[in-house]
Amino acid sequence: MTSKQTRMRSGQLSLALVGVGLIAFIGTLMETALNVTLPIMMTQFSVSLTTVQWLTTGYLLVSSWMMIINARLVQRYSLRSLLGVGTGGFLVSLVICSLAPSFPYLFGGRILSGVCMGICIPLLFTVITRYAPRSRLGFFMAVGVTITALAPALGPTYGGIVLRFFNWRWIFLLSLPLVLGGWLLALVALPREQINAPNQNFDIKGFVWLVLLLTTFQLLVTSGGRKNELIFILVLCGGMVSGCWRHIQRQPQPVLAATLFTNQRFGIYFTAYFILQAVNVALGGFLIPNFLQLVWHQSAFIAGSAMLPGLLIRIGLMPLAGKWFDHLNHKGLGQHLIYGGTTVVGVSMLILGHLAHGSVQVGLLVGVYVLYNAGLALAISNLMTTSIQAVATTETADANALLNTAQQYSGGIGIALVAALINRQGVPAGFYWSLVGLAVGIVVVFMLLIRVKKK
């Protein structure tokens with residue numbers, strides 16, 4: 001390790017997780033809290049769905065930039081320092097967004113939010129992997145993933161409730177005291193670390209390569225299949241992947257530990273997690289709330305409230321799923337929990353596709369979304385845990401950085417794909433085919449898990 005660590009007592013660890021977890025929760029909540037307001041903002045700011053969705057995808061994109069370098073940041077700086085910089089900047093960004101007079105100001109505030117949360121969110125998992133007992137890693141990882149996977153899906157519910165009583169600016173204002181409270185709790189609980197960072201130069205060129213690659217790929221997805229743009233950006237992406245890979249291979253301490261993908265088990269688990277998280281954010285954070293408003297003509301409050309029962313099920317079930325995984329994993333049966341959860345998610349997607357093609361049945365949609373969340377609770381956090389367990393202890397920080405980057409970036413890709421398809425196919429056909437596409441993603445996840453089982 002690069003810092004002299006002190007052991008954390010159980011109560012101290014719990015307090016640290018509450019404080020850092022609250023900041024991470026608000027940060028991930030804000031990823032999608034505006035999604036339920038997009039129809040309103042399209043009218044207020046006179047922008048299209050493709051443009052306004054950048055309030056979410058832009059946030060996710062820039063936060064993924066910062067998560068790339070998380071492993072290097074925690075080697076060089078204490079957790080307290082990183083949390084202070086990230087949280088302070090996030091508070092400023094919330095004020096900017098709440099006062100934004102036009103779309104460019106709002107977009108700028110969201111970009112600043114994304115940068116700051118790209119620093120803060122991975123610190124939750126750094127606290128877990130650094131201080132939690134290894135024997136209870138599954139449980140604590142489930143708690144962490146409950147926070148970061150649940151909040152994006154809860155965002156539209158929060159946004160809908162706020163819109164019921166206030167306007168969209170209060171989405172940011174009401175978050176301010178919670179973020180400040182989490183920061184104070186974390187400062188009380190986190191130990192003061194003595195950093196003994198190695199004297200190594202930061203791989204700036206590698207970071208720039210990765211930022212350009214992620215951004216270009218995001219633009220490729222957002223282009224929506226327009227032929228001229230598609231061919232140009234696809235060729236550009238291919239060149240960047242080649243150049244980035246060659247650069248990383250030549251670096252003794254690259255900004256991204258791409259060599260982890262030579263570990264086939266980690267590579268397969270990582271890919272499955274990326275796809276599952278993309279489906280999760282695209283479906284619960286974007287597709288369903290906007291489908292309810294634009295196709296079934298429900299209010300923003302109803303659209304947000306419809307998500308709540310399923311999210312409550314996920315809140316209750318996910319920590320239990322972590323405990324069950326720890327118990328079953330001792331017997332070599334932990335994977336079965338992930339297979340079962342993925343199957344339930346896939347069945348739920350098929351039913352949702354049928355509902356989207358039929359008449360208005362809000363109550364039935366709510367019930368199916370509950371089933372979906374139950375399956376997701378069994379699969380997603382345990383998939384992240386198996387990814388961590390597939391690498392050596394010395395590689396945990398790099399694996400953690402990659403998984404957190406995947407969590408943010410995959411959500412942006414999922415939303416961009418769905419928004420582009422809806423923009424291309426129109427309403428309601430775009431919503432139906434988006435559900436079909438997400439269901440195909442779940443099939444791919446299951447095939448990946450079957451493949452790793454045979455190894």
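Can you compute the charge dipole magnitude of the chain about its Cα centre, using +1 on each Lys and Arg Cβ and -1 on each Asp and Glu Cβ, nothing else charged? Give it in debye, rounded to the nearest 20. Don't jump to the answer; show the numbers that get you there.
On the way: 27 positive and 7 negative charges, 179 e Å.
Its charge dipole is roughly 860 debye.
Test of understanding: what is the full-extension gain from residue 9 to residue 357, defined as 0.36 nm times their sequence separation minus their Cα-Cα distance?
Full-extension gain reported as 119.9 nm.
For region 399-455 and region 38-105, write down the distance between their C-alpha centroids in whole Å.
Between the Cα centres of region 399-455 and region 38-105 lies a distance of 22 Å.
Each label point is 7 Å from the Cα along the Cα-to-Cβ direction; what then is the distance between the points at residue 297 and residue 85, in nm?
For residue 297 paired with residue 85, the spin-label model returns 5.2 nm.
Using alpha carbons only, how many degrees (0 to 90, rounded to 10) separate the axis of helix 204-222 from the longest principal axis of the chain?
Helix 204-222 sits roughly 20 degrees off the main axis of the chain.
Within the accessible area of the chain, what % is carbon and sulfur when the probe is 1.4 Å and the other protein chains stay in place?
Carbon-and-sulfur percentage of accessible area, whole number: 67.
Once you have a ≥ b ≥ c as the square roots of the Cα gyration tensor eigenvalues for the chain, tell me rounded if a/c is under 1.5, and otherwise prolate or oblate according to whether a/b is larger than b/c.
rounded
Specify whether the C-alpha gyration tensor of region 3-96 places it in the rounded, prolate or oblate class, a ≥ b ≥ c being the square roots of the eigenvalues: rounded for a/c under 1.5, otherwise prolate if a/b is larger than b/c and oblate if not.
Prolate shape, in that a/c is at least 1.5 and a/b is the bigger ratio.
If each residue of separation counts as 0.36 nm, what is the full-extension length gain between residue 180 and residue 48 once their alpha-carbon separation is subtracted?
On the way: separation 132, 0.36 × 132 = 47.52 nm, distance 3.42 nm.
Gain in length upon complete extension: 44.1 nm.
Taking the highest mean first, how do the peptides 98-106, 343-351 order by number of other beta carbon atoms within 10 angstrom per residue?
343-351, 98-106
Please compute the net charge surrounding residue 206, taking Lys and Arg as +1 and Asp and Glu as -1 over other residues with Cβ under 14 Å from its Cβ. Write down the numbers at each step before the final one.
Numbers: positive: 72, 205, 246, 250; negative: 203, 398.
Taking every other residue near residue 206 into account, the sum is +2.
Tell me, what is the per residue accessible area of the chain in Å², probe radius 1.4 Å?
39 Å²
In nm, to one decimal, how far is the residue 173 label point from the residue 236 one, both placed 7 Å along Cα→Cβ?
Reported label-point gap for residue 173 and residue 236 is 4.0 nm.
Once the Cα atoms of helix 362-389 and of the chain are each reduced to a long axis, what angle between those two axes, in degrees from 0 to 90 to the nearest 10, is obtained?
With rounding to tens, the tilt is 20 degrees.
So, by mean Cβ neighbours within 10 angstrom, what's the order for 353-364, 61-72 with the highest one leading?
Numbers: 353-364: 13.3, 61-72: 24.0.
Sorting 353-364, 61-72 by mean packing, highest first, produces 61-72, 353-364.
Please report the accessible area of residue 451 (heavy atoms, 1.4 Å probe, ligands and nucleic acids excluded) in Å², nearest 10.
130 Å²
I'd like to know which of 102, 145, 392 lies farthest towards the positive end of the charge dipole of the chain, counting +1 on Cβ of Lys and Arg and -1 on Cβ of Asp and Glu.
The listed residue farthest towards the positive side: 392.
Rounded if a/c is under 1.5, else prolate if a/b beats b/c, else oblate: with a ≥ b ≥ c from the C-alpha gyration tensor eigenvalues square-rooted, which is region 314-455? Please report the intermediate quantities before stating the final value.
Values: a/c = 2.29, a/b = 1.61, b/c = 1.43.
It is prolate, given that a/c is not under 1.5 and a/b is the larger ratio.
Could the peptides 421-427, 289-295 be put in order, highest first, of the mean number of other beta-carbon atoms found within 10 Å of their residues? It would help to have the intermediate numbers written out before the result.
On the way: 421-427: 16.9, 289-295: 22.7.
With the highest mean Cβ count within 10 Å placed first, the list reads 289-295, 421-427.
The values are calculated or read from the model by the stated rules, or taken from the named source; none is laboratory data. Model, not experiment: these values are computed from the prediction. Every residue, glycine among them, receives a Cβ derived from its backbone with ideal geometry; neighbour counts consider all protein chains shown. Each accessible area value is taken on the protein alone, full model and side chains, heavy atoms only, with ligands, DNA and RNA left out. Shrake-Rupley method; radii C 1.70, N 1.55, O 1.52, S 1.80 Å.
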